[in-house]
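Structure first, commentary second.
The values are calculated or read from the model by the stated rules, or taken from the named source; none is laboratory data. The structure presented is a predicted model; accordingly, all values stated were derived computationally and were not measured. Note that each Cβ is placed from the backbone with ideal geometry, even for glycine, and that neighbours are counted across all protein chains shown. These accessible areas exclude ligands, DNA and RNA; they are computed on the full protein's heavy atoms, side chains included. Shrake-Rupley method; radii C 1.70, N 1.55, O 1.52, S 1.80 Å.
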Amino acid sequence: MSPSRRPKSSPTDAVAWLAAFPVGLAVVALAAVGPVAVPEEPPRNPHAADAWTLPAGEPVFPADEDAMPLRRHCQLCHSSDYISTQPRLSRKAWEANVEKMRSKYGAPIPTNAVPAIVEYLVRNHGTP
Amino acid sequence: MHRGSRPWDRRNFLRAGLIGTTGLALADSVELPFEFGTRPLVKYPQKRPLIRLTTRPPQLETPFEVFNESLLTPNDAFFVRYHLGGSPPPASVLDPKTFRLTVAGTVGKELSLSLEELRNGFENVEVVAVNQCSGNSRGHFQPRVPGGQSGHGAMGCARWRGVRLADVLKAASPAAGSRQVLFDGLDRPLVPTIPDFVKSLELEEALESGGLLAWEMNGEALPWLNGYPLRLVLPGHYGTYWIKHLHSIRLVDAEFKGFWMNPAYRIPDDPCAHVEPGTAPKRTVPIRRFNVRSFLTSLTSGARVPSGNETLLRGIAFDGGAGIREVLVSTDDGRSWSGAALGRDLGRFAFREWTLAWKPSVAGATAVKVRAVNRLGEGQPMEPLWNPSGYMRNVVERTPLVVL
């Protein structure tokens with residue numbers, strides 16, 4: 001197929017998108033399907049060196065006494081925002097969540113640490 | 001919305017979230033329209049500031065305005081979703097000079113292909129296709145469910161370029177009795193007890209899917225956070241199958257039982273993937289193809305629209321690959337519906353633009369609703385359907401407006 005069919009950048013598409021505003025211009029081409037063959041091109045763009053660094057820092061649970069078990073056990077495999085962005089859940093749902101971390105993902109959380117974790121989750125993100 | 005004093009309140013969270021990051025001011029956050037919906041806007045490599053759901057591993061959502069900018073979602077605004085703590089893989093393991101894609105397992109001929117060999121050994125093809133997270137819009141579920149609490153921005157549409165998955169599979173001569181194809185990327189769990197993120201497809205499905213092994217997105221190399229240097233593109237299928245940093249394809253002669261196929265990423269085994277809210281499904285199947293969705297993009301919730309003037313309503317619709325047949329729009333909160341004009345057709349897997357001229361005459365509160373129908377006659381429900389994992393939301397969305 002013709003290489004000219006291939007827009008190189010999104011600005012092109014932005015223009016096409018704007019051009020499509022007048023309702024009458026709407027084109028209904030039903031034929032377009034599946035992958036389209038295009039000519040081969042040499043490899044491009046190994047990214048710039050500075051493209052490989054993530055922003056530093058991450059949110060952590062507060063240093064309060066009652067959040068300690070979560071600081072210890074719940075920000076090892078993922079950041080605390082995995083938890084702080086969750087909705088209010090029932091006690092049962094939070095218990096199931098902590099159990100999932102232990103049984104499915106192998107979280108090394110001793111059984112006697114679980115009640116305090118669940119208490120904290122219910123107090124801060126529990127359904128009334 | 002926020003009750004009592006909680007350690008995770010907005011201030012605390014943002015303060016914590018900004019330690020050592022980019023020095024963003026408090027204003028650089030957005031409120032998604034559900035409880036605990038405050039999210040920082042954070043700049044990542046090759047990305048403009050995006051809505052950050054989680055930090056480690058990164059999950060970034062596209063600000064919804066972007067979908068009104070262009071039909072193809074720019075690479076620097078495309079959403080990011082990782083599962084494993086060891087993500088994204090560092091540059092050292094993604095060196096295009098040493099990178100190899102292996103095809104192994106129940107094959108007549110094992111393959112180990114460099115990017116060069118992949119590019120030169122097979123026909124290069126392109127497809128414009130939507131990628132959407134299974135849990136896109138999960139934050140809108142009622143009752144709420146655990147999981148990544150996304151707004152509507154865990155989706156995007158791009159032009160992908162690569163080689164056909166089917167061509168590469170055939171070159172490996174699948175042995176008789178091969179049943180499934182497994183896909184694995186270079187991202188790794190942080191601890192060995194977390195199951196590696198591996199997805200499977202039936203071999204037949206993989207051969208007929210129209211899938212691509214893609215290295216390019218909208219005319220540029222894949223961004224690091226979108227799978228550089230190679231990813232699976234599976235048009236019409238949820239993003240969970242679009243393995244990033246893809247380096248291993250394995251054929252097997254049995255059903256794969258990996259965690260991320262079962263119990264994860266399962267939906268109720270019924271045509272609408274739903275159960276009674278609050279209940280568990282009796283039988284589940286792996287999530288597969290998109291259902292039909294449509295959005296208004298030119299106006300956001302609470303927008304003020306002058307009466308007497310013509311306003312051009314605009315938005316997008318898409319489905320799992322049948323293609324969009326029609327889009328109906330209501331400007332009176334669902335009482336009456338008009339057919340919208342469909343825009344350029346970029347293919348049956350792409351976002352389809354729709355437009356409708358609207359001249360409001362009555363001042364006051366109203367709402368715009370949009371619903372699309374695909375070429376199989378499948379549409380969108382007027383009431384949301386529920387499942388315990390918060391997958392596949394496709395209710396007719398409602399945008400409240402005020403006519404002045």
task: Can you tell me the dipole magnitude for chain B around its Cα centre, using point charges on the Cβ only (Lys, Arg +1; Asp, Glu -1), in Debye to the nearest 20?
output: 840 debye
- prompt: Which of A:P87, A:L70, A:Y120 sits closest to the plus end of the dipole of region A:65-125, meaning its Cα is farthest towards the positive end, when Lys and Arg get +1 and Asp and Glu get -1 on the C-beta?
  reply: A:P87
- line: Summing -39500 (n - 2.57) over every DSSP H run of at least 4 in the protein assembly as shown, dividing by its residue total and rounding to the nearest 500, the 222 nm mean residue ellipticity is -3500 deg cm²/dmol
Averaged over B:335-348, number of beta-carbon atoms from partner chains that fall within 10 Å: 4
query: Which residues of region B:140-173 show a drop of at least 30 Å² in accessible area when all protein chains are present, compared with their chain alone (probe radius 1.4 Å, heavy atoms only, ligands and nucleic acids excluded)?
result: B:R144, B:P146, B:Q149, B:R159, B:R161
statement: So for R0 = 25 Å, FRET eff. of B:E383-B:F34 from the Cβ-Cβ r, to 0.05, ends up at 0.90
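Express the C-alpha Rg of the protein assembly as shown as a ratio against the empirical globular expectation 2.2 N^0.38 Å, rounded to two decimals.
Details: Rg = 23.2 Å, N = 532, 2.2 N^0.38 = 23.9 Å.
Relative to the 2.2 N^0.38 Å estimate, the protein assembly as shown comes out at 0.97.
What relative contact order, as a whole-number percentage, does chain B give when Cα pairs under 8 Å and 6 or more residues apart are counted?
Working: 964 pairs, mean separation 59.4, N = 404.
About 15 percent, as a whole number.
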message: Quick check: pseudo-label points 7 Å beyond the Cα along Cα→Cβ at A:M68 and B:D253, how many nm apart are they?
response: 5.7 nm
- request: Please name which of B:T284, B:I316, B:L296 has its Cα lying farthest along the dipole of region B:277-334 towards the positive end, using unit charges on Cβ (Lys, Arg +1; Asp, Glu -1) and the Cα centre as origin.
  value: B:T284
message: Can you find, among B:C133, B:N262, B:V145, the residue sitting farthest towards the positive end of the charge dipole of the protein assembly as shown, where Lys and Arg contribute +1 and Asp and Glu -1 at Cβ?
response: B:V145
query: Based on Cα positions only, what radius of gyration and what Dmax would you give for region B:293-403, in angstroms?
result: 14.2, 45
task: Please work out how much accessible surface B:H140 shows to a 1.4 Å probe, ignoring ligands, DNA and RNA, in Å² rounded to 10.
output: 40 Å²
message: At R0 = 41 Å, how high is the FRET efficiency between B:T102 and B:L404 if r is their beta carbon distance? Nearest 0.05 is fine.
response: 0.10
- request: Mind running the shape call on region B:178-310? Use the C-alpha gyration tensor, a ≥ b ≥ c as the square roots of the eigenvalues: rounded below 1.5 for a/c, prolate if a/b tops b/c, oblate otherwise.
  value: oblate
- prompt: So, with +1 on the Cβ of K and R and -1 on the Cβ of D and E, and no other charges, what is the size of the charge dipole of region B:293-403 about its Cα centre, to the nearest 20 debye?
  reply: 120 debye
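Nothing charged except the Cβ atoms of Lys and Arg (+1) and of Asp and Glu (-1): what's the magnitude of the dipole of region A:65-125 about its Cα centre? Round to the nearest 20 debye.
180 debye
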statement: For B:D196 and A:A113, extending 7 Å from Cα along the Cα-Cβ vector and measuring point to point gives, in nm, a value of 2.7 nm
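Residues of A:60-69, mean number of Cβ from any other protein chain within 10 Å of their own Cβ, rounded to a whole number? Each step should come with its number before you reach the end.
Details: counts 4, 4, 6, 1, 1, 0, 1, 2, 0, 0.
The per-residue average across the peptide is 2.
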